[in-house]
1. Of all residues being surrounded by fewer than 13 Cβ atoms within 10 Å (Cβ to Cβ) and part of a helix (DSSP H, G or I) in region 31-44, which is modelled with the highest pLDDT? Just the residue, please.
2. What pairs come up if the first residue lies in region 14-43 and is farther than 18 Å from Glu61 by Cβ and in the same structural domain as Val69 (by TED's automatic domain parsing), the second is surrounded by 11 or more Cβ atoms within 10 Å (Cβ to Cβ) and modelled with pLDDT of 95 or more, and their beta carbons are under 7 Å apart, counting only those six or more places apart or on different chains?
3. Determine, yes or no, whether Gly108 is of a type in the set (Gly, Ala, Ser) and in the same structural domain as Ser127 (by TED's automatic domain parsing).
4. With modelled with pLDDT of 95 or more and assigned to a helix (DSSP H, G or I) as the only criterion, which of Arg27, Arg13 stands out?
5. Identify the residue in region 123-133 that is in a loop (DSSP other than H, G, I, E, B) and in contact (Cβ under 8 Å) with a residue 24 or more places away in the chain and, among all such residues, is surrounded by the fewest Cβ atoms within 10 Å (Cβ to Cβ).
6. Would you point out the residue of region 98-122, among those that are free of Cβ contacts under 8 Å to residues at least 12 places away in the same chain and acidic (Asp, Glu), that is nearest to Ala14 (Cα to Cα)?
7. Scan region 45-54 and tell me whether some residue there is within 30 Å of Lys29 (Cβ to Cβ), among the polar types (S, T, N, Q), modelled with pLDDT under 90 and not in a helix (DSSP H, G or I).
8. If you scan region 87-122, which residues turn out to be surrounded by 17 or more Cβ atoms within 10 Å (Cβ to Cβ), in a loop (DSSP other than H, G, I, E, B) and of a type in the set (Gly, Ala, Ser)?
Amino acid sequence: MSTEVQYLTSEKRAELEKELGHLKTERRKEVAEHLEYSKKLGDLSENAEYHQAREEQAEVEDRIRKLEVLLKNALMIEAVGNDVIAIGSTFRLQKDKDNKSYIYTIVGSEEADMTHGKISNISPLGSALLGHKKDDKVKVHTPKGVIEYTVVIIK
């Protein structure tokens with residue numbers, strides 16, 4: 001498990017708690033039943049279904065451990081004021097030399113999703129924007145070179 005600090009919104013925390021509950025109750029039971037059934041199929045050393053059930057059990061237990069550590073150590077974020085971009089901020093960017101603008105929210109890496117405008121605080125764009133104010137010009141170093149944005153508004 002990564003030792004870097006993870007940030008979660010209350011919505012993502014609730015989603016992860018729901019997943020954890022499902023894994024600990026329903027999914028564990030399903031895997032245990034599958035394991036018991038596969039044990040009855042014969043020689044365990046040559047029983048592919050048994051080995052698959054064991055792998056499935058390991059994956060479920062690994063995900064449970066990961067979620068427990070994440071939920072225990074995560075810092076909760078809430079929408080913040082609109083003066084400075086911080087984790088939890090939603091803002092509009094104007095890409096220089098382009099008439100397109102983009103709306104993003106900075107979130108923790110666990111819930112980053114570019115299709116929904118949620119960028120990670122540790123991504124090149126997210127980390128470059130932290131601490132900036134309205135009308136600031138921000139240079140972002142990407143694999144394709146430096147891109148400059150202007151912060152249009154912070155909501």
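1. Among them, the one singled out is Glu33.
2. none
3. Numbers: of a type in the set (Gly, Ala, Ser): yes; in the same structural domain as Ser127 (by TED's automatic domain parsing): yes.
Against the criterion (of a type in the set (Gly, Ala, Ser) and in the same structural domain as Ser127 (by TED's automatic domain parsing)), Gly108 qualifies.
4. Arg27
5. By that ranking, first place goes to Gly131.
6. For region 98-122, the residue satisfying everything is Asp113.
7. Scanning region 45-54, I find at least one residue that is within 30 Å of Lys29 (Cβ to Cβ), among the polar types (S, T, N, Q), modelled with pLDDT under 90 and not in a helix (DSSP H, G or I), so the answer is yes.
8. Across region 87-122, the qualifying residues are Gly88, Ser89, Gly108, Ala112.
The values are calculated or read from the model by the stated rules, or taken from the named source; none is laboratory data. Please read all numbers here as calculations on a predicted model, not as lab measurements. Here Cβ is always computed from backbone atoms with ideal geometry, including for glycine, and neighbour counts include all displayed protein chains.
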